[in-house]
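Below is one structure; the comments refer to it alone.
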Amino acid sequence: MLELTPEEWTAIRLSLRIALVATAVSLPIGIAAAWVLARKHFPGKALLDGLIVLPLVLPPVVTGYLLLISFGRRGPIGSFLYETFGTVFSFRWTGAALACGIMAFPLLVRPIRISFEAIDRKLEDAASTLGANAFWRFVTVTLPLAMPGIIAGTLLCFAKALGEFGATITFVSNIPGETQTISAAIYTYTQTPAGDAAALRLVIVAIVIAMAALLASEFFARRASRKLHGD
C-alpha cells in the first residue's frame with residue numbers, strides 16, 4: 001500500500017523541485033515587498049497591498065488564466081521572453097514554479113511584514129550612531145530581528161507552493177514528468193479506475209511533507225526568537 005511507484009516518485013520530486021525554486025525566487029522579492037509595506041508611506045500603498053493579497057482571494061483558475069494569457073507563447077510577456085531569451089513558461093515546470101510562487105507570495109510577505117513592523121526602531125537608530133549606513137543597518141540589525149517572520153513566511157510559502165493545484169494546472173496543464181505535481185497526480189488518479197490506492201499514497205505523502213514544513217516553521221521561528229531575546 002505504501003510502496004510508491006516510479007511515476008509517483010517523479011511527481012514527488014517534481015513537486016519538491018518546483019516548491020523549492022518558487023520559494024527561493026520569491027524570498028528576496030517578498031522581503032523587499034514586506035519592508036516597503038512595513039516602513040514606507042506612499043500613494044498606492046493600499047493598492048500594492050491588495051495586489052499582493054489578491055491571489056489568496058481570487059479563484060486559482062483565474063490566476064492561472066491570467067498567467068496563461070500573459071506568459072504564454074503568444075502573451076505580451078511570454079512572447080517577449082521567448083523572442084529575447086528563448087525562455088518559455090507555459091506548459092513547462094518553470095511555469096509551474098511561477099504559478100506556485102505567485103499563489104504562495106501572500107503567505108510569504110505577511111509574516112515578514114509583521115516582523116518588520118514589530119522591530120524597535122531605536123535599535124536601528126543606535127546602529128546609525130555607531131556609523132552603520134542604511135545597507136549595513138538592514139543586514140546586521142533589521143534582518144536578524146525579523147528572522148522569526150522570515151523563517152515562518154519561507155516555510156509557509158514552501159508548503160503552499162507544494163500543494164498548489166488550480167493555477168498550476170490552468171497555466172501549465174498536467175504533463176507527467178514535466179508539470180504533474182503531487183496535486184495534479186492525485187487529481188489524475190481520482191479520475192482513473194483503480195487509482196484510489198495511488199491517490200491515497202500521494203495524499204499521505206502530501207500531508208506528511210506539509211505538516212513537516214509547518215512544524216519546522218514553528219520550531220525555527222521559536223528558536224530564532226529565543227536567540228534574539230537571549231533565552
statement: Residue set Thr129, Thr188; condition open to solvent by 40 Å² or more (accessible area, probe 1.4 Å) and modelled with pLDDT under 90; output residue Thr129
query: touching a residue at least 40 places away in the same chain (Cβ under 8 Å), open to solvent by 40 Å² or more (accessible area, probe 1.4 Å), closer than 21 Å to Glu8 by Cβ and of a type outside the set (Ser, Thr, Tyr): does that describe Ile169?
result: yes
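Residue by residue, here is whether (1) open to solvent by less than 30 Å² (accessible area, probe 1.4 Å); (2) more than 23 Å from Tyr65 (Cα to Cα); (3) at pLDDT below 85 holds:
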residue: Leu155; (1), (2), (3): no, yes, no
residue: Pro176; (1), (2), (3): no, no, no
residue: Ile204; (1), (2), (3): no, yes, no
residue: Gly230; (1), (2), (3): no, yes, yes
field: Evaluation of Leu4 against (1) assigned to a helix (DSSP H, G or I); (2) over 22 Å from Thr170 (Cβ atoms); (3) over 15 Å from the mean Cα position of the chain (by Cα); (4) in contact (Cβ under 8 Å) with a residue 40 or more places away in the chain (one fails), failing number
entry: (1)
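Here is a yes/no grid of residues against (1) assigned to a helix (DSSP H, G or I); (2) modelled with pLDDT of 95 or more; (3) open to solvent by less than 30 Å² (accessible area, probe 1.4 Å); (4) more than 20 Å from Leu143 (Cβ to Cβ):
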site: Ile18; (1), (2), (3), (4): yes, yes, yes, yes
site: Ala22; (1), (2), (3), (4): yes, yes, yes, yes
site: Val25; (1), (2), (3), (4): yes, yes, no, no
site: Ile29; (1), (2), (3), (4): yes, yes, no, no
site: Ala33; (1), (2), (3), (4): yes, yes, yes, no
site: Ala38; (1), (2), (3), (4): yes, no, yes, no
site: Phe42; (1), (2), (3), (4): no, no, no, yes
site: Ala46; (1), (2), (3), (4): yes, no, no, yes
site: Leu56; (1), (2), (3), (4): yes, no, no, yes
task: Just need a number here: residues in the stretch 66-95 that are of a type in the set (Phe, Trp, Tyr), open to solvent by 50 Å² or more (accessible area, probe 1.4 Å) and outside any helix (DSSP H, G or I).
output: 1
- request: Name every residue in the stretch 63-104 that is among the aliphatic types (A, V, I, L, M) and touching a residue at least 12 places away in the same chain (Cβ under 8 Å), in order of residue number.
  value: Leu67, Leu68, Val88, Ala96, Ala97, Leu98, Ala99, Ile102, Met103, Ala104
field: Odd one out for Ala134, checked against (1) open to solvent by 10 Å² or more (accessible area, probe 1.4 Å); (2) of a type in the set (A, V, I, L, M); (3) closer than 17 Å to Ala38 by Cβ; (4) in contact (Cβ under 8 Å) with a residue 12 or more places away in the chain
entry: (4)
- prompt: Does Pro60 satisfy being surrounded by fewer than 17 Cβ atoms within 10 Å (Cβ to Cβ) and farther than 15 Å from Gly153 by Cβ?
  reply: no
message: Checking Ala194 against (1) part of a helix (DSSP H, G or I); (2) open to solvent by 30 Å² or more (accessible area, probe 1.4 Å), only one condition comes out false. Which one?
response: (1)
message: Here is a list: Ile209, Ile186. Which entry is under 30 Å from Ile69 (Cβ atoms) and assigned to a helix (DSSP H, G or I)?
response: Ile186
query: Listed residues Ser217, Ser128; which is over 30 Å from Pro59 (Cβ atoms) and out of contact with any Lys or Arg (no Cβ under 6 Å at 6 or more places or on another chain)?
result: Ser128
statement: Here the qualifying pairs (Cβ atoms under 9 Å; residues six or more apart or on different chains; first in the stretch 204-222 and under 15 Å from Gly153 (Cα atoms); second aromatic (Phe, Trp, Tyr) and open to solvent by less than 50 Å² (accessible area, probe 1.4 Å)) come out as Ala213/Phe158; Ser217/Phe158
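The values are calculated or read from the model by the stated rules, or taken from the named source; none is laboratory data. Quick caveat, the model's predicted, so the values are computed rather than measured. Note that each Cβ is placed from the backbone with ideal geometry, even for glycine, and that neighbours are counted across all protein chains shown. Just so you know, the surface numbers come from the protein's heavy atoms only, side chains and all, with ligands and any DNA or RNA stripped out. Shrake-Rupley method; radii C 1.70, N 1.55, O 1.52, S 1.80 Å.
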